[in-house]
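Report on the structure given below.
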Amino acid sequence: MRGEPSCPKCGGRVRAPGLFADSWQCDVHGVVHPLQPVVPPSVEALTVAVKRAKVPVWMPWPLPVGWLFTGVASAGDDRGGSRATAVACSGPGPLGGIGELLLIAEELGVGLGARYAGVDGPDPGTYINMEKAPQVKVLAAGRPTPLWHVSGTPDDRAVFAGEACGLWLWAVVWPERSGLIMYDELVLTDLREAGAEVDLVPCGALSPRILS
C-alpha cells in the first residue's frame, strides 16, 4: 500500500505546499487535491474519512445481502478537508461470482472518479449524454438521482455517473456484468449523516480496486 499522498488523476508523486507554492502539485497535472494513502478497511478508518470529508461519503445502506465495506479513499488535505471520497464495497454479484462497487463523490475537476472509471476526465461530462434518458436511478440522500452510462471505459467494468447534492457521483462496478446491480434502485446514504450507524458497517478485506 502507498505510504504517501499521490495525484488523484494519475497516481504520480506530488509535492507538498512549501515556500514557493501554497498548494499540492503534480508534475503532470499541476495543482491537485492529494489522494491520501489507503489503509485497511475498518470502522475507525471509515470514521476518519467521514470526519474529514467536505463531500458526501456514499455507501449503499443497508448494504445488499452478503456485501461488505472493503475500503475508503479520499483526496484532500488536513487544511481543506477531503474534496473527493471513494468507498468500495464487495459481495455476491447478481449473475454469480464476486461483484465490486466503487462510489465516488467529488468536486468539479478533482479527477478521482475518472481515474477509477478508466477515462481521461477529469469529469464525466464528455462521456455521458445527459440529453438522453438516464440508464439507471438511485436514491441518494433520499432524493431520486439519475445516472448515465459512461462511454469509453475499459471492457472489464461498468461505469455510471451523474450529479448528487450538486457534486459528481460516479459508480464503477467490476466485472462489467455486475453492473446489473445498479438497476436495482440502490439506496445510497451519505455516511456523514449516518451517525452511530457507521459503527454497524460490516468490514471485509481491502479491495485492490481502490488501490488502482
### Message
Anything in the range 157-180 that is open to solvent by 10 Å² or more (accessible area, probe 1.4 Å) and touching a strand residue (DSSP E or B) at 6+ places or on another chain (Cβ under 6 Å)? List them, or say none.
### Response
ARG157, LEU167, TRP168, GLU176
### Query
THR85 passes all but one of (1) under 21 Å from LEU169 (Cβ atoms); (2) β-branched (Val, Ile, Thr); (3) not in a strand (DSSP E or B); which number fails?
(3)
### Summary
Output for Cβ contacts, cut-off 7 Å, separation at least six or different chains, first residue within 21 Å of LEU35 (Cβ to Cβ) and of a type in the set (Lys, Arg) in the range 200-212, second open to solvent by less than 20 Å² (accessible area, probe 1.4 Å) and at pLDDT 95 or above, reads ARG209/ALA88; ARG209/LEU102; ARG209/TRP174
### Query
Can you spot a residue in the range 5-28 that is closer than 23 Å to PRO208 by Cβ, in a strand (DSSP E or B), open to solvent by less than 60 Å² (accessible area, probe 1.4 Å) and among the small types (Gly, Ala, Ser)?
yes
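Grab the strands (runs of 3 or more DSSP E) fully contained in the range 157-212, keeping just those with 1 or more residues being in contact with a Gly (Cβ under 8 Å, 6 or more places away or on another chain) and within 30 Å of GLU4 (Cβ to Cβ). Explain how you work it out, then say what you get.
Numbers: elements: 158-164, 167-174, 187-190.
Once the strands (runs of 3 or more DSSP E) in the range 157-212 are filtered for at least 1 residues that are in contact with a Gly (Cβ under 8 Å, 6 or more places away or on another chain) and within 30 Å of GLU4 (Cβ to Cβ), what remains is 158-164, 167-174.
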### Filtered residue count, the range 90-110, keeping only those that are assigned to a loop (DSSP other than H, G, I, E, B) and surrounded by fewer than 24 Cβ atoms within 10 Å (Cβ to Cβ)
8
### Message
Return the residues of the range 29-38 that are assigned to a loop (DSSP other than H, G, I, E, B) and crowded, with 17+ Cβ neighbours inside 10 Å; say none if nothing qualifies.
### Response
VAL32, HIS33, PRO34, GLN36, VAL38
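If I ask for residues that are closer than 26 Å to ALA141 by Cβ, part of a loop (DSSP other than H, G, I, E, B) and open to solvent by 70 Å² or more (accessible area, probe 1.4 Å), which ones from the range 40-76 would you list? Let's see the steps before the verdict.
Just the residues of the range 40-76 that are closer than 26 Å to ALA141 by Cβ, to begin with: 41-76.
With part of a loop (DSSP other than H, G, I, E, B) added as a condition, the list becomes 41-42, 54-57, 61-67.
Once the filter is applied, which keeps residues that are closer than 26 Å to ALA141 by Cβ, part of a loop (DSSP other than H, G, I, E, B) and open to solvent by 70 Å² or more (accessible area, probe 1.4 Å), the range 40-76 yields LYS54, PRO62, VAL65.
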### Query
Residues of the range 2-31 being in contact (Cβ under 8 Å) with a residue 60 or more places away in the chain, on the phi < 0 side of the Ramachandran plot and within 18 Å of the chain's Cα centre (by Cα), which ones?
ARG2, PRO5, PRO8, LYS9, CYS10
#### Entry: Residue count for the range 130-156, restricted to those that are free of Cβ contacts under 8 Å to residues at least 40 places away in the same chain, more than 15 Å from ALA117 (Cβ to Cβ) and not in a strand (DSSP E or B)
6
### Summary
Residue pairs within 8 Å by beta carbon, gap of at least six or interchain, first lying in the range 100-113 and in contact (Cβ under 8 Å) with a residue 24 or more places away in the chain, second open to solvent by less than 10 Å² (accessible area, probe 1.4 Å) and charged (D, E, K, R), listed first then second, are LEU112/GLU106; GLY113/GLU106
### Message
Is it the case, given these coordinates, that THR126 is hydroxyl-bearing (Ser, Thr, Tyr), open to solvent by 40 Å² or more (accessible area, probe 1.4 Å) and out of contact with any Phe, Trp or Tyr (no Cβ under 7 Å at 6 or more places or on another chain)?
### Response
yes
### Task
Determine, yes or no, whether TRP24 is under 18 Å from GLY179 (Cβ atoms) and at pLDDT 95 or above.
no
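The values are calculated or read from the model by the stated rules, or taken from the named source; none is laboratory data. Computed from a predicted structure; not experimentally measured. Cβ coordinates were reconstructed from backbone atoms using ideal geometry, including for glycine residues, and neighbour counts include every protein chain displayed. Protein only, heavy atoms only, side chains kept; ligands, DNA and RNA dropped before computing areas. Shrake-Rupley method; radii C 1.70, N 1.55, O 1.52, S 1.80 Å.
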